[in-house]
Every structure is written in structure tokens, then in C-alpha cells.
Amino acid sequence: MKKRKLTKGILGTYSFLIYFILYAPIIILVVYSFNKSKLNAVWTGFTLNWYSVLANDGDVLQALQNSLTIAFFSTVISTFIGTLAAVGMYKYKFKGKTALDGLLYVPIIIPEIVMGISLLVFFTQTKITLGLFTLILAHVTFSISYVVIVVRARMKSFDKSLEEAAMDLGANGLQTFTKVTLPIILPGIIAGALMAFTLSLDDVIISFFVSGAGFETLPLRIYSMVRTGVTPEINALSTIMLAVTLSIAIISELIQLKKSKKI
């Protein structure tokens, strides 16, 4: 009994330290978004002023809009292509499949700075003007691999006999995919899309090389502000984004709970 209590105590302490290390910076960020001081080092009092400053900062809001636009389009494109690629590679056998499977991991394991430089050289050689279009293409390039991997992981538990049964009942290939295959792998597709969206919204290094002059994403805007000091205005923006993310996660969990209760 004493050993069990000691083990539980050690595991409890270890778990607390892990969660503390993970979430303490986030809590501090939220708290300091209400700090009167312009510096993020000393607490001088409570205020909502930085949220007002954020609402009137056109440069930061424009950078946020740019990031959301890029993340949306790159997520839609990479999810569509990645899902089709995952399904095709799982269901069919063809020459070069092993090599293609290995190439999918290249955008993941390659250093971002190398990928950023290579994309910059490619766009320069093909005379494509750097800006919104090149950013979307670049983000699609590194997001597809993540979508394919996540969707393929979901398809490993897929029962092919369900497709065969649907076809035996008269469904064609498109009907089988939309009414049988797609609903089953949909959680994997959503997970891949969310990962692609997060990676796009968070990217700095690749975006730095392919953004071009006069076009700025939110991470690049924040990076440029580091030189002069990041004000609690950015903390306020981060707090709002965190609140939106948590709200979406909580709503999705509630929907899943309702569905499970109905079942």
C-alpha cells in the first residue's frame, strides 16, 4: 500500500510539473494581456486598453486577415489533394508507390529554411510574383504530406468489405466513396485539415522567403515587432485566438457527447 501511494504521489507530481510547464506560459500570456504596462515584464495594474489598441491597429488586423486567408485556401487545397492521394495510395498498387511514399515525408523532415530557399528559387526562376499566391502554394506544399499521413492512419482501420457490400447493392464508385468511404474517414480528414490550418497560420520561416515585399502575415508581423518590443496588444490578440480555439473545441466535444448519447 505504501509503495502504491508513493508511486501515485510521484506520478501525480510529475504530471503536475508537465502540465505546469505546458500551460504556465499560456496563462501568463493571457494575464499580461490585461496589464497596464507596455512592457511584458512587470505587472502594474488591470486594464482593457490593449484590446482597444488592437481593434484600431490596422497593420496587425491586416496581417491577421492575410494569415487567415492563406490558411483557409491552403487548407482546402491541401485537404482535397491529400485526401485523394491517401485514398489512392491505400487502395491501389502501382509502380513507384514505395518511392512516392518515401517522398511524402521529405517536406516534413527537410529543414524549413532549406524548403523556403528552394521555393524562393523556384518562384524566381518561373517568374512568379511573390505574394499571396506564392504563400498559398508554399503552404499547400508542406501541408499535403501531413494530410496524407493523418488520413492514411485513419484508413488503416477501414474495412474494405463495406465498399464491396455497397457495390454489391448497386452503388457505383462515386456513390460508394461519398456514402460509405468518406463518412468513415471523415474524422481523419478533419484532423488533417485542422493540422494543415494550424501549420499554415503558424509558419514563419517559409513565409519569410516567399511572402515578397509589401505582403505580411501575422507571424511575420509579430517577428518584426520583436526588434522594438512586443506590446500586450499581441497578448490580447493571442488571447482572443485562444478563446476562439477553445470554444470550437468545447462545442465539438459537446456535439460528440450528444451523438454518443443518442447511439
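The values are calculated or read from the model by the stated rules, or taken from the named source; none is laboratory data. As the structure is a prediction and not an experimental result, all values here were calculated from the model. Glycine also receives a Cβ, built like all others from the backbone with ideal geometry; neighbour counts cover every protein chain displayed. Heads up: the accessible areas ignore ligands, DNA and RNA and are worked out on the full protein's heavy atoms, side chains in. Shrake-Rupley method; radii C 1.70, N 1.55, O 1.52, S 1.80 Å.
Once you've got the GNM for the chain with C-alpha springs shorter than 10 Å, pick whichever of 156, 95, 179 has the biggest mean-square fluctuation.
95
Quickly work out the residue 27-to-residue 255 label distance, labels modelled 7 Å from Cα along the C-beta direction, and quote it in nm with one decimal.
Placing both labels 7 Å beyond Cα along the Cβ direction yields 3.1 nm.
Going by alpha carbons, how many degrees (0 to 90, nearest 10) lie between the helix axis of 58-91 and the longest principal axis of the chain?
Its long axis makes an angle of about 20 degrees.
Could you compute Rg(Cα) / (2.2 N^0.38 Å) for segment 1-152, with N its residue count?
Ratio of Rg to 2.2 N^0.38 Å for segment 1-152: 1.57.
How large a share of the accessible area of the chain, in percent, is made up of carbon and sulfur atoms when the probe is 1.4 Å and the other protein chains stay in place?
Carbon and sulfur together cover 70 percent of it.
Taking a threshold of 27 Å on the Cα-Cα distance, which of the pairs 156/179; 91/258; 8/258; 95/156; 93/179; 160/258 fall above it?
The pairs that break the limit, which is 27 Å between Cα atoms, are 91/258; 8/258; 160/258.
Would you mind getting me the FRET efficiency between residue 81 and residue 112? Use the beta-carbon distance for r and R0 = 22 Å, nearest 0.05.
With a Förster radius of 22 Å, E is 0.60.
Which log10 I(q)/I(0) values, to two decimals, does segment 121-241 give at q = 0.23 Å⁻¹ under the Debye formula with one point per Cα?
Relative scattering, expressed as log10 I(q)/I(0), comes to -1.22.
Lys/Arg Cβ at +1, Asp/Glu Cβ at -1, dipole of the chain taken about the Cα centre: which of 30, 254, 217 is farthest positive-ward?
254
When the helix-only estimate is applied to the chain (DSSP H runs of n ≥ 4, each -39,500 (n - 2.57), divided by the residue count), what is the mean residue ellipticity at 222 nm, nearest 500 deg cm²/dmol?
-25000 deg cm²/dmol
Return one number: the angle in degrees, 0 to 90 and rounded to the nearest 10, between the long axis of the Cα atoms of helix 182-202 and the longest principal axis of the Cα atoms of the chain.
30
Treating the beta-carbon of each Lys and Arg as +1 and of each Asp and Glu as -1, no other charges, what is the dipole magnitude of segment 49-262 about its Cα centre, to the nearest 20 debye?
780
For the chain, build the charge dipole from Cβ charges (+1 Lys, Arg; -1 Asp, Glu) around the Cα centre, then report which of 230, 64, 198 sits farthest towards its positive end.
So the residue furthest toward the plus end is 198.
For residue 59 and residue 198, what does the FRET efficiency come to when R0 = 25 Å and r is the distance between their Cβ atoms, rounded to the nearest 0.05?
After rounding, the FRET efficiency stands at 0.60.
Can you tell me the orientation of helix 2-32 relative to the chain, as the angle in degrees between its alpha-carbon axis and the longest Cα principal axis, to the nearest 10?
70
For 10, 185, give the ranking by accessible area with the largest first, probe 1.4 Å.
Highest to lowest solvent-accessible surface, that is 10, 185.
Lys/Arg Cβ at +1, Asp/Glu Cβ at -1, dipole of segment 49-262 taken about the Cα centre: which of 77, 137, 115 is farthest positive-ward?
77
Taking the chain as a Gaussian network, where each spring joins two C-alpha atoms under 10 Å apart, which residue of 131, 192, 12 fluctuates the most?
With Cα springs under 10 Å in the chain, the top fluctuation among 131, 192, 12 is at 12.
Could you compute how fast segment 49-262 diffuses translationally, taking Rh as the Kirkwood radius over C-alpha pairs and applying Stokes-Einstein at 20 °C with viscosity 1.002 mPa s? Give it in µm² per second.
Calculated translational D: 109 µm²/s.
Points 7 angstrom from Cα along the Cβ direction at residue 127 and residue 94: gap in nanometres?
3.3
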